[in-house]
Ligand code: ATP
Ligand code: MG
């Protein structure tokens, strides 16, 4: 195949290709050509890429000691492994790519560049999701299976107290699984924008009293709560189930990540910065959240890794759900934390107004008459 034929063929392809040939001045390889897809992928390719060697262009990110990219002398025909690399397009710009090599003849080596597209990033996110979720399922399942097996096999040899203990563990792990499934369903609905909200006027104090009572009931060690409700607290305007889910997540965290025998403080008041909103703040004393971790805190599956919280159960979905639901209902969430001291999560919500109520009625009528 002539050079012109090769060029015509490569220009028909969608994949960007760089053509490497031996340098005339050194014994190194350098870019001597490219196809049309490549010139669409990189602007000013003539000045940015042509005549450069592989070492200057690719910074390999996979575990591969590809001699070609180290600028070493490679014999034509040598096997060159595919690798991922940061493709240095100019001094200030790199892109993540996968590079595959093919020898055409002794002086022509093709490098196929596969950009990491959004699709690939999505696939990666999807496989991260699957691996986190399967891990989260496996831990409680293993324990449920193990204790159930033991009960079945040795029930004759285990005393009643121990049997009750095993059954409690099974119940606890099954609850954990069902919470995880609930959270995953919420996340998947949020992602597909299939969450619907039915707004009502909400007495914040009632909701918080109920949550505190139900959490107290489940704790093995009692925990002190200090509640502080402003006298002129307006009612909030939100979907009651989602409102409860938000506060439950925040209060659950405050309890989980607290030092033992400390008090969780919950304060509800009109929002000082905007009288159209109410604010609920939950403060606890504990390990806190280092400032570096704050920016990722509301991402799916994100958990702060530190020795004190490593043994605390959780999947890192709570705050993602909390923030998404709060924002969707016109509210917001703020966090303030001092490591090894105090952490405060604050949520704000719109208050009930006659206009909001009237709009909800109109919307309901619209749905009914459809
Ligand atoms: P779950 O999905 O069961 O809620 P989780 O509690 O680990 O799991 P999130 O509620 O999203 O997940 O919280 C994310 C992380 O933020 C936690 O793992 C914890 O490291 C940190 N965190 C949350 N609240 C607090 C708090 N009050 N004090 C210290 N760290 C906190
Ligand atoms: Mg949580």
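Averaging Cα coordinates gives a centre for region 71-119 and one for region 209-269; these two points are 56 Å apart.
For 342, 93, 285, the sequence from fewest to most other C-beta atoms within 10 Å is 93, 342, 285.
Every helix of 4 or more DSSP H residues in the chain counts as -39500 (n - 2.57), and over all residues that averages to -13500 deg cm²/dmol at 222 nm. Between residue 1 and residue 214, the modelled labels are 6.6 nm apart [label points 7 Å from Cα along Cα→Cβ]. Per-residue Cβ neighbour counts within 10 Å put 198, 104 in the sequence 198, 104, beginning with the fewest. Stokes-Einstein, applied to the Kirkwood radius of the chain over Cα pairs at a viscosity of 1.002 mPa s and 20 °C, places its translational diffusion at 83 µm² s⁻¹. In plain terms, the chain from residue 328 to residue 206 could stretch by 41.7 nm, reckoned as 0.36 nm per residue minus the Cα-Cα distance. The relative contact order of the chain comes to 10 percent, based on Cα pairs under 8 Å that sit 6 or more residues apart. Against the main long axis of the alpha-carbon atoms of the chain, helix 240-256 sits at an angle near 80°. Each of 138, 356, 165 was scored by other Cβ atoms within 10 Å of its Cβ. Arranged with the fewest first, they read 138, 165, 356.
FRET efficiency for the pair residue 175 and residue 152, taken as 1/(1 + (r/R0)^6) with r the Cβ-Cβ distance and R0 = 22 Å, rounds to 0.55. Between the Cα long axis of helix 160-191 and the first principal axis of the chain there is an angle of about 60°, rounded to the nearest 10.
By the equivalent-ellipsoid construction on the alpha carbon gyration tensor, region 200-356 comes out with semi-axes of 25, 18, 14 Å, ordered largest to smallest.
Only Cα pairs under 8 Å and 6+ residues apart enter the sum, and on that basis the relative contact order of region 3-116 stands at 25 percent. Helix 118-154 against the longest principal axis of the chain: what's the angle in degrees, Cα atoms only, rounded to the nearest 10? Roughly 50 degrees between the two axes. Modelled this way, with points 7 Å down the Cα-to-C-beta line, the labels at residue 23 and residue 43 are 2.8 nm from one another. Entry note, region 285-370: relative contact order of 31 percent, from Cα contacts under 8 Å with a spacing of 6+ residues. Once the chain from residue 189 to residue 138 is taken as fully extended at 0.36 nm per residue, the excess over their C-alpha distance is 16.0 nm. Global dimensions of region 119-191 from alpha-carbon coordinates: Rg and Dmax equal 16.9, 56 Å.
The numbers here are math on the coordinates, done by the rules we state, and not lab data. Just so it is clear, the structure is predicted and the values come from calculations on it, not from any experiment. Glycine gets a Cβ as well: all are built from the backbone with ideal geometry, and neighbour counts include every protein chain shown.
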